[in-house]
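Okay, structure first, notes after.
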Amino acid sequence: MEILVTGGAGYIGSHTCVELLNSGYDVIVVDNFSNSKPESLKRVQEITGKHLKFYEVDILDEVALEKVFSENNIEVVIHFAGFKAANESIQFPILYYHNNITGALIICEVMRKYNVKKLVFSSSATVYGLAKSVPISEDFPLSATNPYGRTKLMIETILQDIYASDKQWSVAILRYFNPIGAHESGRIGEDPSGVPNNLMPFITQVAAGSRDRLTIFGGNYDTHDGTGVRDYIHVVDLAKGHLKALEKILKTRGIEPYNLGTGVGYSVLDVVENFQNATNKKIPYVISERRMGDIAKCYADPIKAKTILKWSAEKSIKDMCLDAWRFQVNNPKGY
């Protein structure tokens, strides 16, 4: 079975490709390398000992995307491709709206044209906005605090409307919490361009000596230590969640959202402490002003994914720290 993975060279995409190949699926990747490297796909094939097909295509290029569909017998799309930095989206909202929403519309239009109606969509816990309580379940009110989150929310709405117009579609909307860690081989992991927007690669770069200290945004939140609490999930657990969602949509029709998280909240300082304990590396830090759009606490109620998809996160915070550090040590300058 041929699965198209958009953004498959990226952090979550590459780990999902490993799981797909190891499970016997034929994988076709499209990526434009705007925030990823070709090397990650070479390493995916190295890790699995299996071949994948790759097209260097921007999802905004409808003609090029149609060529991918016409040359292959694609049955399912897993859609990762998109810009993903919440803070950057506040600076460049037009860029984010155009890339993420237009890209999703083009993907869906080409799918419709080629009668491919099974989709796993990479959404985000940002669609819950300023949730009034935790843990957060899928039936919570939806909103967003930044343009990035609003693009995810708008795409979810678009997918709901597509299904309402054609009940042949089967869509799994996966609302990620905070992926960290790397493949246990140390060959693929999170390799951000420039200054990291996410916590763990910043921590590993400080531990490696390439950055002086970690900047923690906000130390006066209503949490046990004043720093923001998030649901950190190992990227391999997250990737396996995509396989469970894929298995579900192959057998059913409809559209359903699922939280992919652990159900446990760790503060920024909790993560720093766990990393220090796991690696024996000291992480100096400074606390600065809050970032616009950040919230105090965000962690999942993962019961729906456990009940319906038969999926739950298995790896510990120690695993997340050790695997992230192994990737950093093996790849001091990234890919």
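The values are calculated or read from the model by the stated rules, or taken from the named source; none is laboratory data. In this text, all values refer to a predicted model and were calculated from it rather than measured experimentally. For neighbour counting, all protein chains shown are included, and Cβ atoms are generated from backbone atoms with ideal geometry for every residue, glycine included.
The figures follow:
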{"read-out": "Per-region count, the stretch 150-198, residues charged (D, E, K, R), in contact (Cβ under 8 Å) with a residue 24 or more places away in the chain and either over 23 Å from Y299 (Cα atoms) or part of a loop (DSSP other than H, G, I, E, B) (or both)", "value": "6"}
{"read-out": "All positions within the stretch 78-120 that are within 24 Å of R253 (Cβ to Cβ), part of a helix (DSSP H, G or I) and in contact with a Ser or Thr (Cβ under 9 Å, 6 or more places away or on another chain)", "value": "A104, I107"}
{"read-out": "Of all residues making up the stretch 99-127, the number that are among the hydroxyl-bearing types (S, T, Y) and more than 16 Å from the chain's Cα centre (by Cα)", "value": "2"}
{"read-out": "In the stretch 221-241, the residues that are under 15 Å from I180 (Cβ atoms) and either touching a Leu at 6+ places or on another chain (Cβ under 7 Å) or modelled with pLDDT under 95 (or both)", "value": "I233, L238, G241"}
{"read-out": "In the stretch 274-289, residue farthest from K244 (Cα to Cα) [restricted to those that are surrounded by fewer than 16 Cβ atoms within 10 Å (Cβ to Cβ) and charged (D, E, K, R)]", "value": "E289"}
{"read-out": "Filter result (buried (at least 19 other Cβ atoms within 10 Å of the Cβ) and outside any helix (DSSP H, G or I)) within the stretch 238-255", "value": "I255"}
{"read-out": "Qualifying residue in the stretch 224-235 (condition: over 20 Å from F83 (Cα atoms) and of a type in the set (S, T, N, Q))", "value": "yes"}
{"read-out": "Qualifying residue in the stretch 154-165 (condition: more than 25 Å from R253 (Cβ to Cβ), buried (at least 22 other Cβ atoms within 10 Å of the Cβ) and either at pLDDT 95 or above or not aliphatic (A, V, I, L, M) (or both))", "value": "no"}
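To keep it simple, each residue is scored yes or no on (1) β-branched (V, I, T); (2) over 21 Å from the mean Cα position of the chain (by Cα).
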{"residue": "E46", "(1), (2)": "no, yes"}
{"residue": "L52", "(1), (2)": "no, no"}
{"residue": "Y55", "(1), (2)": "no, no"}
{"residue": "I59", "(1), (2)": "yes, no"}
{"residue": "E75", "(1), (2)": "no, yes"}
{"residue": "A85", "(1), (2)": "no, no"}
